[in-house]
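Enquirer: Before we start, here is the structure in question, set down as structure tokens.
The values are calculated or read from the model by the stated rules, or taken from the named source; none is laboratory data. From a predicted model like this one, the values you see are computed outputs, not experimental measurements. Cβ placement follows ideal geometry from the backbone for every residue including glycine, while neighbour counts extend to all protein chains displayed. Keep in mind that these areas ignore ligands, DNA and RNA; they rest on the heavy atoms of the full protein, side chains included. Shrake-Rupley method; radii C 1.70, N 1.55, O 1.52, S 1.80 Å.
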Amino acid sequence: MHINLLNLGRVPYSEALDLQLQVIAARKQNLIGDTLLMLEHPPVLTLGRNAHRSNVLASDEKLTQRGVELHEINRGGDVTYHGPGQLVGYPIIDLRGDLPGKKGPHLGPVDYVRLLEEVLIRTCGDFGVMTQRISKLTGVWTMAGGSIPEKKIAAIGVHVSQGVTSHGFALNITTDLRDFDWIIPCGIADRQVTSLELEAESDREPTMEAAFNSTARNFGRVFERQMLWCESIDQLLATHV
């Protein structure tokens, strides 16, 4: 059993949505196996199903001036930001498959999100950054210390249709955190965001390539699958399992 792995580089958000739809359709027809797409986006804001437009602080005019797109999508959660220096992962996985922690005919969405959090917690640990879950706040957070509260280092928002997942996670690697000033991230006003670059130990400087490799490795370990590298979407869709 394996998970197909693709590194798509920097992809506009609308193009990535189209790619997801292609892979989701193939997965639902069982033409391909479970797949993890990883990529970067140009600056974009996405509004999930539960989003409040008031959590976008920047005006439409300012967003247009900065070339920032805004998309309303079907994942869970509120508003989030994607941009350069952020590793975005879109796992397209059939939750009815052989997955760790599955107790019934399919893995529950909450248990699936816990697995994604575990992948990211381990990835941060590879760079010497201790992170945690916080009850009722989806995502991955740094540890509080003294007067410094927890900070969000990774966001998670997923969608499940006919047992197949889409959307996923966003881990800040070298992200320009000033761009988060355009929004109230995930609707949480009393916590800040951070990045691996700011939190990592000085001798473990994170790069996108290193973060990609770490995330892929930890994804395979947590989901108990071999990760199988694919060169392109075309190659993936041409290789039926």
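Enquirer: So which residues in region 34-46 are open to solvent by less than 10 Å² (accessible area, probe 1.4 Å) and not polar (S, T, N, Q)? Explain how you work it out, then say what you get.
Expert: Quick first cut of region 34-46, residues open to solvent by less than 10 Å² (accessible area, probe 1.4 Å) only: 34-39, 41, 44-46.
Answer for region 34-46, where residues must be open to solvent by less than 10 Å² (accessible area, probe 1.4 Å) and not polar (S, T, N, Q): Asp34, Leu36, Leu37, Met38, Leu39, His41, Val44, Leu45.
Enquirer: Next up: Answer yes or no as to whether Leu115 is in a strand (DSSP E or B) and within 27 Å of Leu5 (Cα to Cα). Let's see the steps before the verdict.
Expert: Details: in a strand (DSSP E or B): no; within 27 Å of Leu5 (Cα to Cα): yes.
The answer is no for Leu115.
Enquirer: Condition test on Arg27, is it assigned to a loop (DSSP other than H, G, I, E, B), open to solvent by 10 Å² or more (accessible area, probe 1.4 Å) and touching a residue at least 60 places away in the same chain (Cβ under 8 Å)?
Expert: Here the answer is no, as Arg27 does not meet what is asked.
Enquirer: Within region 1-11, work out how many residues are outside any strand (DSSP E or B) and at pLDDT 95 or above.
Expert: Keep residues of region 1-11 that are outside any strand (DSSP E or B), which gives 1, 11.
Then keep just the ones that are at pLDDT 95 or above; that gives 11.
Qualifying residue count for the region: 1.
Enquirer: Could you grab me the full set of residues in region 67-87 that are closer than 12 Å to Pro43 by Cα and surrounded by 12 or more Cβ atoms within 10 Å (Cβ to Cβ)?
Expert: Of all residues in region 67-87, those closer than 12 Å to Pro43 by Cα come to 67-71, 80-86.
Within region 67-87, Val68, Glu69, Leu70, His71, Thr80, Tyr81, His82, Gly83, Pro84, Gly85, Gln86 qualify.
For (1) of a type in the set (Gly, Ala, Ser); (2) without any contact (Cβ under 8 Å) to a residue 60 or more places away in the chain; (3) surrounded by fewer than 18 Cβ atoms within 10 Å (Cβ to Cβ); (4) in a strand (DSSP E or B), each residue gets a yes or a no:
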| position | (1), (2), (3), (4) |
| --- | --- |
| Lys102 | no, yes, yes, no |
| His106 | no, yes, yes, no |
| Asp111 | no, yes, yes, no |
| Val119 | no, no, no, no |
| Cys124 | no, no, no, no |
| Val129 | no, no, no, no |
| Gln132 | no, yes, yes, yes |
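Enquirer: Quick check: is even one residue across region 54-73 assigned to a helix (DSSP H, G or I) and touching a helix residue (DSSP H, G or I) at 6+ places or on another chain (Cβ under 6 Å)? If you could, list the steps in order and put the result at the bottom.
Expert: Restricting attention to region 54-73, the residues satisfying the condition of being assigned to a helix (DSSP H, G or I) are 54-55, 60-65.
Okay, now just the ones that are also touching a helix residue (DSSP H, G or I) at 6+ places or on another chain (Cβ under 6 Å), so 55.
Yes.
Enquirer: Write out, first by first residue and then by second, each pair whose Cβ atoms fall under 6 Å of each other, whose residues are 6+ apart or on separate chains, and whose first residue, in region 167-189, is part of a loop (DSSP other than H, G, I, E, B) while the second is acidic (Asp, Glu) and modelled with pLDDT of 90 or more.
Expert: Final answer for the pair search is Thr174/Glu197.
Enquirer: Next up: Any residue at all in region 220-227 that's over 26 Å from Ala155 (Cβ atoms) and open to solvent by 100 Å² or more (accessible area, probe 1.4 Å)? Break it down into steps so the answer makes sense when it comes.
Expert: First pass over region 220-227, keeping only residues over 26 Å from Ala155 (Cβ atoms): 226.
Still in the list and also open to solvent by 100 Å² or more (accessible area, probe 1.4 Å): 226.
There is at least one residue in region 220-227 that is over 26 Å from Ala155 (Cβ atoms) and open to solvent by 100 Å² or more (accessible area, probe 1.4 Å).
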